[in-house]
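Quick notes on the structure that follows.
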Amino acid sequence: MNTPIPAPQRRSVNENKLVKRLLRETGKAIGDYGMIEQGDRVMVCMSGGKDSYGLLDILLTLRERAPIDFEIVAVNLDQKQPGFPAHVLPDYLNARGIPFHIENQDTYSIVQRLIPEGKTTCSLCSRLRRGILYRVARELGATKIALGHHRNDILATFFLNLFYGGRMKAMPPKLVSDNGEHIIIRPLAYVREKDLIAYAKLREFPIIPCNLCGSQENLKRKEINRMLEEWDRHFTNRTWNVFRALSHVVPSHLMDPALMDFAGLRPTGRADADGDRAFDAEDFPLPAFSEDEIEHEMAPADHFEPIEATRLAGRDVDEQHSRPRVRRPDAR
């Protein structure tokens, strides 16, 4: 007869599984896309939300176990939003002994001045924030900029582009920045949002609210997220198969002549399993791919392989700033 596991012990088992899964998936994403290499200085962008806290915490753990050496510096942009608790992140980072830099720029006032009341401020705010963070990364000597986007963000972006932009485009795990100066990485690309929510509760991160600017949530993104949640409830592995499809693209079976030279196609006289099968119906085993099946394929938690679009007007943001200073623990 099996004896039930007591509730506290059961929670401990589940918490251990959660931590191992987060480390494994993040380590695999870093290795798959060569996100971090020997000697890198990784600038982790901190908003005070669950995702950026989780990213920083997981990277710190992986650094201790990695076969390579790299630095981590946490950076927060204080945009002077009303009610922003400016002490929370410095207190947390000091207590953890994590080098950090707080960049103070009043972009909130700029956005309020330039965007009419009632209009969404997110686009301009994002451009201003991006330009400042690129400049800070350059002045700190960061070789990589790490963002906290996760699997759900990547899927939502894909469907937003598909439904409203008429293009197949998502969020890449690694890409050169739009100004051509930096490498942007998303180490949480394989991680589910619900795991980050659970991890934030487990680690008791001091979360800063994300609605201080008063801007309304992107309604289209909210609609997409509801759709994905509905799929997760009713269709096992559907969202995972869509996510997997993003890294299993067959250009010859799409319609983009920039990816496939359709005009130049000629018979080769050789059989090709990926060739056109004319009238044959596609066969889709159900499920095509189960998320649970990859558990044994994931890299160990402690392993990964070494490996000017936005400028601010001088009258809006003070260009006569001093070089960003990385604060060491307890440095004031």
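The values are calculated or read from the model by the stated rules, or taken from the named source; none is laboratory data. Please read these numbers as outputs of a predicted model, since none were measured by experiment. Every residue, glycine among them, receives a Cβ derived from its backbone with ideal geometry; neighbour counts consider all protein chains shown.
Of all the listed residues (VAL19, VAL75, VAL42), the sole one being surrounded by 15 or more Cβ atoms within 10 Å (Cβ to Cβ), in contact with a Ser or Thr (Cβ under 8 Å, 6 or more places away or on another chain) and not acidic (Asp, Glu) is VAL42.
Could you check, for region 276-288, whether at least one of its residues is in contact with a Lys or Arg (Cβ under 9 Å, 6 or more places away or on another chain), at pLDDT below 65 and surrounded by 11 or more Cβ atoms within 10 Å (Cβ to Cβ)? Looking for residues that are in contact with a Lys or Arg (Cβ under 9 Å, 6 or more places away or on another chain), at pLDDT below 65 and surrounded by 11 or more Cβ atoms within 10 Å (Cβ to Cβ), one finds at least one in region 276-288, hence yes. Candidates LEU162, LEU155: the one that is at pLDDT 90 or above and crowded, with 20+ Cβ neighbours inside 10 Å is LEU155.
Of the listed requirements (1) out of contact with any Leu (no Cβ under 9 Å at 6 or more places or on another chain); (2) among the polar types (S, T, N, Q); (3) surrounded by fewer than 15 Cβ atoms within 10 Å (Cβ to Cβ), SER177 misses just one: (3). Considering only region 1-56, how many residues are closer than 23 Å to PHE205 by Cα, at pLDDT 95 or above and acidic (Asp, Glu)? The total comes to 2.
One residue alone among ALA74, ALA86 is in contact with a helix residue (DSSP H, G or I) (Cβ under 8 Å, 6 or more places away or on another chain), among the small types (Gly, Ala, Ser) and at pLDDT 80 or above, and that residue is ALA74. Summed over region 115-150, residues that are of a type outside the set (D, E, K, R) and either under 20 Å from TYR53 (Cβ atoms) or modelled with pLDDT of 70 or more (or both) total 18. Whenever a residue of region 237-253 is within 17 Å of LEU188 (Cα to Cα), it has no partner that is among the basic types (Lys, Arg) and at pLDDT below 95 lying with C-beta atoms less than 8 angstrom away and at least six residues away or across chains. Against the list (1) under 19 Å from the mean Cα position of the chain (by Cα); (2) in a loop (DSSP other than H, G, I, E, B), the condition GLU117 fails is (1).
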